[in-house]
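A quick write-up on the structure given underneath.
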Amino acid sequence: MLVAAFGLAFALVSATPVAEDAVTAAPAKPKKICKAEAATGTRLSRRKVCRTAAEWEAIQKQAVQDAREIQDNTQNRYSGG
């Protein structure tokens with residue numbers, strides 16, 4: 001009788017689903033990267049800004065595009081075109 005009880009308990013424990021699916025199914029949060037940026041209007045004050053790597057990359061790409069547009073507009077204005 002005791003052997004049957006242990007056998008039944010072992011069968012129940014081994015048949016219980018493991019919760020590792022719940023851990024792997026949850027999406028990982030992107031890691032935040034924090035940088036200190038100068039506050040406008042002062043040389044001494046800085047503020048901490050945290051964003052994901054993708055957000056920092058998008059900001060950098062936009063800054064490069066804006067700089068190119070400014071240069072193109074300036075060249076067109078003064079070149080007579």
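If the condition is being more than 11 Å from the chain's Cα centre (by Cα) and among the aliphatic types (A, V, I, L, M), then segment 31-58 contributes Ala36, Ala38, Ala39, Leu44, Val49, Ala58.
Residue count for segment 40-67 satisfying the condition of being at pLDDT below 95 and either part of a helix (DSSP H, G or I) or of a type in the set (Val, Ile, Thr) (or both): 2.
Can you tell me which residue in segment 48-81 is surrounded by the fewest Cβ atoms within 10 Å (Cβ to Cβ), limited to those that are within 15 Å of Lys32 (Cβ to Cβ) and among the basic types (Lys, Arg)? Explain how you work it out, then say what you get.
From segment 48-81, those within 15 Å of Lys32 (Cβ to Cβ) are 48-59; that's our starting set.
Then drop every residue that is not among the basic types (Lys, Arg), which leaves 48, 51.
Numbers: Lys48: 8, Arg51: 15.
Here the residue is Lys48.
The values are calculated or read from the model by the stated rules, or taken from the named source; none is laboratory data. Please read these numbers as outputs of a predicted model, since none were measured by experiment. As a convention, Cβ positions derive from the backbone with ideal geometry for all residues, glycine included, and neighbour counts pool all protein chains shown.
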